[in-house]
Amino acid sequence: MKKIIIAVIMIAIIALIAYSLGLFSPSHSAAEDAEAAEMAAAEKLNPVGPVFNADSAYAFIAAQCAFGPRAMNTKSHDDCGEWIAKKFESYGCKITNQRADLRGYDGTILRSRNIIASYKPEATTRILLCAHWDTRPWADNDPDSANWRKPIDGANDGASGVAVMLEIARLLNQNKDLAIGVDFVCFDAEDWGTPKWSGQADSEDTWALGAQYFATNLPAGYEARYGILLDMVGGVGAKFYRDCVQSSFGPTWHTLNDNLQNIDRNTLKAAGQTVIQTLYTEK
């Protein structure tokens, strides 16, 4: 029953914040009266927790992009990983690194590093927030095939989720009033999946290698109440559909247009404030 209540609260919060920012697109299959009732319930919710700072989150995206593309086995990737870990640590989080040599679709050995930043590691009630931090080595979804082998900046696909988590960690450290623990997990080796130009059949197993490693190598005794994935939460014109069927990765996904110019502070605000509201309604 508690999980059902949490789910209803999360949907209502997302609807209220996203609707107020013009980001909410209801399912076309949902009845209008059900939609109206949902919005009415959302409007009765009182905001709790600190105010999410979208400008700060944007600055965290810019800082990651300043390293250049964070493709696996590159110096820019490794340097950015160090920066992410130290930033979380500066906000009072305990850092645990999961390092592993993982095999890419083409047999390339990928030096992977999952970064686990734990707020209040002593707390037994825990929520998991996660996003990947590496970037796609190839813009193989770009409308211009001449760009298919070029690396992307990954402002949205990679940096935005990490930025939202960093801003939440900053606020938690500043306020120190959240009773539960939070684990910020930055997955690596997400985007070395089979490229379109490879001539090979795509396989889901070639993607999210760091997440797969985390799932099969959980810290002893680890258990989270639930997890929230924050990949690609900063794109211009983002639409978050509840039914997932209509959802897409957005027009900049795996293209050279995934850059700072296509990041929207309103989208960051909607995502970040929704997560804060969710965390602060936990007991």
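Each reported figure results from applying straightforward, stated rules to the coordinates on display, with no laboratory input. These figures come from a predicted structure and were not determined experimentally. In this analysis, Cβ positions are derived from the backbone assuming ideal geometry, glycine residues included, and neighbour counts consider all displayed protein chains.
Grab the other residues whose beta carbon is less than 12 angstrom from that of Ile263, score K and R as +1, D and E as -1, and report the net.
Neighbourhood net charge equals -3.
In which sequence would Arg113, Arg265, Arg126 go, from the one with the fewest C-beta neighbours within 10 Å to the one with the most?
Arg265, Arg126, Arg113
Give me Rg/Rg_expected for region 51-264, where Rg uses Cα atoms only and Rg_expected = 2.2 N^0.38 Å with N residues.
0.99
Modelled label-to-label distance, Ala123 and Thr216, 7 Å Cα→beta-carbon offset: nm?
3.1 nm
Taking other Cβ within 10 Å of each residue's Cβ, how do Asp183, Asp188, Asp157, Asp177 sort, fewest first?
Ranked by crowding around the Cβ, least crowded first: Asp177, Asp183, Asp157, Asp188.
Between the alpha-carbon centers of region 126-188 and region 56-121, tell me the distance in whole angstrom.
Value for the Cα centre distance between the two parts: 9 Å.
How high is the relative contact order of region 51-264, given as a whole-number percent (alpha carbon pairs under 8 Å, six or more residues apart)?
Once divided by the residue count of region 51-264, the mean separation gives 27 percent.
Given Lys87/Lys239; Lys176/Lys269; Lys86/Lys239; Lys87/Lys283, which pairs have Cα atoms separated by over 24 Å?
Lys87/Lys239; Lys86/Lys239; Lys87/Lys283
Quick check on region 51-264: of the DSSP beta bridges with both residues there, what percent are antiparallel, nearest 5%?
60 percent
Work through the residues other than Ala139 whose Cβ is under 9 Å from its Cβ and net out their charges, Lys, Arg +1 and Asp, Glu -1.
-1
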